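This report refers to the structure that appears directly beneath it.
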Amino acid sequence: MARTERTPLLEQDRTTRGVTFLIVACILGGVVCARLANLQLAQGDKFLKQAEGNRLRIIPHLAPRGVIRDRHGRVLASNRLSYSLALYPIKMPKKKIEEVIDKLHALLPLDVADVHMKIEKAGYNSTRPIKLVSDIDQKVIAVVAEHQADLPGVSIEPDTIRFYPRGHTAVHVIGYTGEVTDSELAADKDEEYHQGDIIGKGGLERLHDKELRGEMGSQQVEVDSRGRPVQVIRNVAAKPGKDLKLFLDLDMQAVAEKALDDDKLTGAVVAMNPQTGEVYAMASRPYFDPNIFSRKVKPDEWKTLQTSNFPFVNRATSAYPPGSIFKIPMTLAALESGRTTENRYFNSTGSLQVGNRIFHDWSARGFGRVNIVSALQWSIDTVYYQLGVEMGGAIMSRYAHETGLGEHSGIELGDAAGLVPDPVWKRRVWKDKWWPGDSANMSIGQGAVIVTPLQAAVMVSAIANGGKVLVPRLVDDGKPLPPRKVSTWNPKNLALVHKGMRAVISSGTGTVADIPGKDLAGKTGSAESGKPKTHSWFVCYGPQKNPTIAVVVFAEAAGHGGTIAGPVARKVLDQFFGLKEGKIQRVQTID
């Protein structure tokens, strides 16, 4: 009887448990469904990418960088095949990456701090390979291949390294390449660069980086569990960068650099066509080998570069006091402004009093009775002191600017503007009036006057070609540029300047550059440097009729122009005219 009474309670209990189980089952099922929905719908793309990242790799293919050649097609900058050690971080969790790096470090002389920095910058979920070490040798390749099973995500990738077969030759023109920096990435508004990219860092490599780099390609590859390629899914070919053809002549460039080297001069050489502005040579010493930047620069190499008299400075585009080469535009200014003629004579006694100050000539004895042609031939300071005082700062500045001095030349590399002062400039900068002594100083290229060797080449070319101030050109793009300006100087006055410059070479202070039959004209110059020796200048052009070459040589604190800079110019001229280099007779000059 008792059993019969308990039966409904048991049945009720079973029903309660069944309902509870059903509810729990429904809840658990709902959680599972919600999780599945979250995985499939909300995070489906994320996990699909991770799965694809494990199965597929996107291998970027760098475009071969454009080749840079001289005017005759000879290679100045090219590429060579190399291999890089790379890591695909998306294939592994962060902890696994750390293990892989430790294993690599045990096998190879790896800079672990540098590797960690590269991975941090690229991100642990980067879909692009992170280049750990560039330009690895066969020994490293063999070690990695032997231990590939223990190095998931690590691979050897084909790469190209920028190569400069002529070493330092024309490095200040060509520039160099290197890995993009954080600051360059931050400034890259168009997002053209990625971590680890190699870009132009100086010279034409930087200015024409976009054209030289081309367009990157890529290859989508399916890999197995060990990261080994199984098949290519998709391939986008890289577009090679455009080549650059320069107006530089490799032979003239090499001769100019060697001439500076032979005398261990710190300075520059510029050679250009005075009719077109084509730059045949632009040398600057000291220099550096751009090939060292195609890999990680060693600390001792960088230290050497920082302590070897500023090798990164392009002396050809930097400004210095011009000294007596400034007498060329001053001669023109005196003639054009009517302050002198060929028939006016000066009494050169070795000094001239201006106000309460005595200005001395480089020759204490003086030169006697001379005209403007003789004054240019022998670089007679006292004649220019007198004419400078008569003209004043405004007139001298005007004609100097007309020849291209004191302003940017327009060359693609960029250059210093230099300075040709005038009374307005002095009042603005120094809060003082222009004195006759300022005119005397300025007339011989001293005081505040500074010009670049490149500007000097533009100036002497304008004198040579009759008044066209040219834009110096390095890259031959097939599009001739018009002159920046054309001055209408009196041909008779210009002929007197030519006559004086020809006399400098034939019998004056620049005879070291006299080449029989070439009818060369020029000017020597020495400028105060603040050191025991003066800056040395030499400018010239030729032949006088239909000139085809203009050469400028500058040497820092090296001595007098005719003695130091003149022989360098002679070697460049010999190369241009196809003459066999002989022993050059150095002439001791004061200017």
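The values are calculated or read from the model by the stated rules, or taken from the named source; none is laboratory data. Fair warning: this is a prediction, and the values are worked out from it, not measured in the lab. Don't worry about glycine lacking a Cβ; one is built from the backbone with ideal geometry, like all the others, and counts go over all protein chains shown.
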Output yes when any residue across the range 294-308 is part of a helix (DSSP H, G or I) and β-branched (Val, Ile, Thr), and no when none is. yes
When you check Ile505 against the structure, is it among the β-branched types (Val, Ile, Thr), farther than 24 Å from Val420 by Cβ and in a loop (DSSP other than H, G, I, E, B), yes or no? no
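When you check Gly392 against the structure, is it under 13 Å from Pro329 (Cα atoms), touching a residue at least 40 places away in the same chain (Cβ under 8 Å) and not β-branched (Val, Ile, Thr), yes or no?
Details: under 13 Å from Pro329 (Cα atoms): no; touching a residue at least 40 places away in the same chain (Cβ under 8 Å): yes; not β-branched (Val, Ile, Thr): yes.
No: the conditions fail for Gly392.
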Given (1) closer than 16 Å to Lys258 by Cβ; (2) modelled with pLDDT of 95 or more, Phe554 misses just (1)
Where residues in the range 399-423 are surrounded by fewer than 19 Cβ atoms within 10 Å (Cβ to Cβ) and touching a Ser or Thr at 6+ places or on another chain (Cβ under 9 Å), which of them is farthest from Gln446 (Cα to Cα)? Gly414
Among what's in the range 296-314 and is under 26 Å from Phe247 (Cα atoms) and either touching a Ser or Thr at 6+ places or on another chain (Cβ under 8 Å) or β-branched (Val, Ile, Thr) (or both), pick the residue that is surrounded by the most Cβ atoms within 10 Å (Cβ to Cβ). Asn314
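Which one of these is aromatic (Phe, Trp, Tyr) and surrounded by fewer than 24 Cβ atoms within 10 Å (Cβ to Cβ): Phe554, Phe577, Phe538?
Numbers: Phe554 fails: surrounded by fewer than 24 Cβ atoms within 10 Å (Cβ to Cβ); Phe538 fails: surrounded by fewer than 24 Cβ atoms within 10 Å (Cβ to Cβ).
That would be Phe577, the only listed residue that is aromatic (Phe, Trp, Tyr) and surrounded by fewer than 24 Cβ atoms within 10 Å (Cβ to Cβ).
Within the range 270-278, is even one residue in contact (Cβ under 8 Å) with a residue 24 or more places away in the chain, crowded, with 23+ Cβ neighbours inside 10 Å and either over 28 Å from Gln446 (Cβ atoms) or not assigned by TED's automatic domain parsing to the domain that holds Ala457 (or both)?
Going residue by residue through the range 270-278, those that are in contact (Cβ under 8 Å) with a residue 24 or more places away in the chain are 270-278.
From what's left, crowded, with 23+ Cβ neighbours inside 10 Å: 270-272, 274, 277.
Within this subset, residues satisfying the condition of being either over 28 Å from Gln446 (Cβ atoms) or not assigned by TED's automatic domain parsing to the domain that holds Ala457 (or both) are 277.
Yes, the range 270-278 contains a residue that is in contact (Cβ under 8 Å) with a residue 24 or more places away in the chain, crowded, with 23+ Cβ neighbours inside 10 Å and either over 28 Å from Gln446 (Cβ atoms) or not assigned by TED's automatic domain parsing to the domain that holds Ala457 (or both).
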Would the range 522-543 turn up any residue that is part of a helix (DSSP H, G or I) and assigned by TED's automatic domain parsing to the domain that holds Ser324? no
Which of (1) under 18 Å from Pro329 (Cα atoms); (2) within 31 Å of the chain's Cα centre (by Cα) is the odd one out, the single condition Ile505 does not satisfy? (2)
So, first residue on the phi < 0 side of the Ramachandran plot and in contact (Cβ under 8 Å) with a residue 60 or more places away in the chain in the range 570-581, second residue surrounded by 21 or more Cβ atoms within 10 Å (Cβ to Cβ) and not in a helix (DSSP H, G or I), Cβ within less than 6 Å, six or more apart or across chains; the pairs are Val572/Ala271; Val572/Val551; Phe576/Ile549
Subset of the range 433-454, residues farther than 22 Å from Lys499 by Cα and either acidic (Asp, Glu) or surrounded by 24 or more Cβ atoms within 10 Å (Cβ to Cβ) (or both), comes to Asp438, Ser439, Ala440, Met442, Val449, Val451, Thr452, Pro453, Leu454
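Of the residues Asp422, Asp476, which single one is within 30 Å of Lys242 (Cα to Cα), charged (D, E, K, R) and in contact (Cβ under 8 Å) with a residue 12 or more places away in the chain?
Values: Asp422 fails: within 30 Å of Lys242 (Cα to Cα).
Selected residue: Asp476, the only one of Asp422, Asp476 that is within 30 Å of Lys242 (Cα to Cα), charged (D, E, K, R) and in contact (Cβ under 8 Å) with a residue 12 or more places away in the chain.
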Conditions first: (1) out of contact with any strand residue (DSSP E or B) (no Cβ under 6 Å at 6 or more places or on another chain); (2) at negative phi; (3) part of a loop (DSSP other than H, G, I, E, B). Pro274 passes all but one, so which condition is the exception? (1)
Report, by residue number, each residue of the range 475-499 that is part of a helix (DSSP H, G or I) and under 24 Å from the mean Cα position of the chain (by Cα). none
Only one of (1) in contact (Cβ under 8 Å) with a residue 12 or more places away in the chain; (2) buried (at least 17 other Cβ atoms within 10 Å of the Cβ); (3) more than 30 Å from Glu146 (Cβ to Cβ) fails for Val236. Which number is that? (2)
From the list Gly175, Gly167, exactly one residue is surrounded by fewer than 21 Cβ atoms within 10 Å (Cβ to Cβ) and either at positive phi or among the basic types (Lys, Arg) (or both). Which is it? Gly167
Qualifying positions in the range 140-187 - at pLDDT below 95, assigned to a helix (DSSP H, G or I) and not acidic (Asp, Glu): Val140, Ile141, Ala142, Val143, Val144, Ala145, Gln148, Ala149, Ser183, Leu185, Ala186
Using the structure shown, decide if Trp430 is in contact (Cβ under 8 Å) with a residue 60 or more places away in the chain and among the aromatic types (Phe, Trp, Tyr). no
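Would you call Phe293 surrounded by 18 or more Cβ atoms within 10 Å (Cβ to Cβ) and out of contact with any helix residue (DSSP H, G or I) (no Cβ under 6 Å at 6 or more places or on another chain)? Show your work before the answer.
Working: surrounded by 18 or more Cβ atoms within 10 Å (Cβ to Cβ): yes; out of contact with any helix residue (DSSP H, G or I) (no Cβ under 6 Å at 6 or more places or on another chain): yes.
Criteria met by Phe293.
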